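Here the structure is laid out as structure tokens; the discussion comes afterwards.
Throughout, read-outs are computed from the coordinates displayed, never taken from laboratory work. From a predicted model like this one, the values you see are computed outputs, not experimental measurements. In this analysis, Cβ positions are derived from the backbone assuming ideal geometry, glycine residues included, and neighbour counts consider all displayed protein chains.
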Amino acid sequence: MRQMHRALHLAVVAAVVLGLAAAGWAAEITLEKINRTGVFTVGTRTSSPPFGYINKQNEWVGFSIDLARLVHKNIEKKLNKAIKFELKESTPATRIPLLSSGAVDLIAGTMTDTRARRDSVDFSLTFFVTGAQFLVKEGGPIHGIQDIAGKRVGAQQGSTNERIIHERVPQAQLVVFPDQPAAFTALVQGRVDTYTNDGVQLAGLKAKASNPKEWKIVGDVYSYEPYGMAVRKNDSDLRAIVNNSLMEAIEGGEYFRLYDKWFGPKSEVPYPLSDSARSFLMMQVVPK
Amino acid sequence: MPFRGHRIPAVSLGALLGMNYDFQWSVLWTGEHGRWLLQGIWTTLRISALGWIVACGLGILSGALRTVPFRPLRALASCYVEFFRNVPLLVWFFFWYFGAPQALPRVAQDWLNLHGPEFWSAVVGLGVYHGARMSEVIRAGIQSIPKTMLEASVATGLSLGQAYRLVIIPIALRLIIPPATNESLNLLKNSSLALTIGVAELTFMTRQIEAYTAKAFEALTAGTLIYLVLCLGIASIMGQVERHFRIPGLITRAGRAEH
């Protein structure tokens, strides 16, 4: 009995000491952490062309990654020293835990800014606007959200569109996959009738498919998906750097140059920037 | 990094764990979430139970075949065991879900697509994979029985099949309860991989709650505790089984597992 008491006592002391040490770390803002470690870690996608993916040359590239590099440059400028730029894979299911636990400092992938997510993370300005549609085999019976009742609809876990289908068309048989390649394979193999995701992601999948002509993106967009970068909550210094980087890029034209590189007519995933999206982006830029 | 203990505003669990995070446990039962968790547990138990039945059937059959004095049957069972236990379970799930149905005729594929191909692929994947592992447990049990026992059984006039069915396997099954419990717990935990082929089991549901509420730590903690409780439950049932079926004086030993 006495021994047990002693063990308990020891455990409590250990927990308190650990807690104090950890609390010290928790109080550290991200910029201090980056300054101390010399590394800026960005969570992004590996299979969402062209935002973050492994290309044919086996390089990890993408539009979101290029934008994160602009943030990286500004962090170096702010801290006045060279900082290592590191990428880490983050999926819709893992990205918030990765960010909250400190494993990554910024999420720059294909994350839709939502009110529920704002409870857990802080978002940057919107850097891309899209909406959900359906990918089907050419000539199939599905032409939009009105046709999916009773059909087997593939979706990606953690995505906003999965949630909308769940709420708006409960008769659809949702089959939810943890990642995009599995969902697309299920579509190719006929395990599901259609796959739904943000239109631009479907365009990316179609472009990467072995025979892009076989696939068709159908339906009006049934959701609004503004992509933002995410930082830990209450980390306004880093968030300001992220937002300023995006504003500088939009104002200075670097954003549109990158847009053309990844979504232009000659790119792998042509996805023209609509006039309304362009003016929306411009209006987010506040005066200096 | 100097200690900055004085900055702790209030000692919350989040601060103790070193995370800038406020725990909100109510997300586990508000709205649909409680129902999701229960559905997840139910699906996990169903896949595991069905997979376990398949695994035990295949395991007992191939485990026994690996010990029979007839080479082609031994070789057949060895092929099964080595092939299935030496490829990762995740790969088998993909195989049974994406690959295997392609071999079926179109009509059968359509039928399968209407009857939950994810679920059945997961059952088959788990069952066949763990059958191969269970087989080794059973072989070890059979081989630990002295050879003279088989000889004595045959000498009393039993055929080889009868000797296995009536003497060797009943004793072996009792001997292997501890390692078989271990294997069954692995099976239950491995069922979580089924989420990769779209089965809405327990891990899937905890991730679903995380996706809807962005409360990852609460959801993962709930998942962890539920698996722990399920596994402890199974372990204790197997402990009861072990006690209930023991043959007095034959294979009882001191230090039996207590639960």
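Numbers at a glance
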quantity	calculated
Mean residue ellipticity (222 nm) of chain A, computed from DSSP H runs ≥ 4 via -39,500 (n - 2.57), nearest 500	-13000 deg cm²/dmol
Nonlocal amide H pairs with A:Leu174, under 5 Å, H built at 1.01 Å	A:Val153
In degrees, nearest ten, helix B:216-244 long axis to first principal axis of chain B (Cα)	30 degrees
Built amide H within the under 5 Å cut-off of A:Asn197, gap 5+	A:Gln133, A:Leu135
Dipole axis of the protein assembly as shown (+1 Lys, Arg; -1 Asp, Glu on Cβ), positive-most option in A:Ser100, A:Ser48, A:Leu205	A:Ser100
Whole-Hz ³J(HN,Hα) from phi, Karplus 6.51 cos²θ - 1.76 cosθ + 1.60, for the range B:197-205, glycine and proline x	10, x, 8, 7, 8, 4, 5, 4, 5
Packing-based exposure ordering (other Cβ within 10 Å, fewest first) of B:Ile53, A:Ile164	B:Ile53, A:Ile164
Exposure proxy order (Cβ contacts within 10 Å, fewest to most) of B:Cys231, B:Cys56, B:Cys79	B:Cys79, B:Cys231, B:Cys56
Cα-centre dipole for the protein assembly as shown with unit charges at Cβ (Lys and Arg positive, Asp and Glu negative), debye to 20	1440 debye
Karplus-derived 3J(HN,Hα), 6.51/-1.76/1.60, for each residue of the range B:78-92, Hz, glycine and proline x	4, 4, 4, 4, 5, 5, 7, 7, 9, 10, x, 4, 4, 5, 5
Residues with amide H under 5 Å from that of A:Val192, placed H, sequence gap 5 or more	A:Leu187
Folded to 0 to 90 degrees: helix A:63-79 orientation relative to chain A principal axis, Cα	30 degrees
Residue-by-residue Karplus 3J(HN,Hα) for the range A:90-96, coefficients 6.51, -1.76, 1.60, Hz, glycine and proline x	9, 9, x, 6, 9, 5, 5
Part-to-part distance (alpha-carbon centres) for the range B:108-168 and the range B:35-83, which is given in Å	7 Å
For the protein assembly as shown, alpha-carbon Rg and Dmax in angstrom	28.2, 99
Footprinting exposure proxy for B:Ser153, A:Ser90, A:Ser210 (fewest neighbouring C-beta atoms within 10 Å first)	A:Ser210, B:Ser153, A:Ser90
Chain B - charge dipole about Cα centre, Lys and Arg +1 at Cβ, Asp and Glu -1, debye rounded to 20	700 debye
Helix A:236-252 axis, angle to chain A major axis (alpha carbon atoms, nearest 10°)	40 degrees
For the range A:126-205 and the range A:227-275, distance of Cα centres in Å	26 Å
Dipole-positive endmost among B:Trp42, B:Ala100, B:Ala64 within chain B (Cβ charges, Cα centre)	B:Ala64
Among A:Tyr195, A:Leu238, A:Ile29 - extreme Cα towards positive end, dipole of chain A, charges at beta-carbon	A:Ile29
